[in-house]
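Taken together, the values in this text are just the output of simple stated rules run on the coordinates, not laboratory data. Since we're looking at a predicted model, the values are computed, not measured. With ideal geometry, Cβ positions are generated from the backbone for all residues, glycine too; neighbour counts draw on all protein chains shown.
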């Protein structure tokens, strides 16, 4: 009688064992913590370069600079019109659809002529908003004064400002915008890895243990004793 009662129990235990074995196979194994060297270090000489330029944004719906309070906007507007063959030196310019802006960008390493990069546009005068505006052709200079890119395009603004009879509201910063792929690289920064006899890696978070592990990993991968900790 005992064998008859224990038979269903044994069957149940066997079924549970099969299910448990199946669940163990599905249980995620602990992942090996590893990082790529390029995520930990910066290569000496391979970096972004900052560019800056001064330009005009036009097409604003009455939210541009007041020419009385922003003489640089008036001078820039007159100079631009003169380059286009329009003489406005003696004219009384009255417009609120133009704003003077500073344009900034980061030139990535190994960028070639024709590469497009993003640019940021920030109001310089008393403009209320750059929404709906278009940046005119603006040369972007490097620290050496040379022109490395030229920007132009419609400005995308994340912030907004609205005003009614009894109240006004502002969200974000409507005087700062961005133009995706708004600049074209015109000059390349000359840099050749093949001419380097040594390549230095700088840890973003300096740590002696990490530096030694990186040197060990490089030597193990190459099979040569080519990497060492310098500092």
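Before moving on, here are some points about what is shown:
- With the highest mean first, a sort of the peptides 115-123, 192-200 on other beta-carbon atoms found within 10 angstrom per residue produces 115-123, 192-200.
- Modelled FRET efficiency - R0 22 Å, residue 88 with residue 141, Cβ distances, 0.05 increments: 0.25
- Only Cα pairs under 8 Å and 6+ residues apart enter the sum, and on that basis the relative contact order of segment 49-185 stands at 30 percent.
- Estimated Rh, segment 49-185: Kirkwood, alpha-carbon pairs, angstrom: 15.6
- Translational diffusion coefficient of segment 70-136 (Stokes-Einstein, Kirkwood radius from Cα pairs, 25 °C, 0.890 mPa s): 172 µm²/s.
- Whole-Å distance, taken between Cα centres, linking segment 193-222 and segment 73-112: 47
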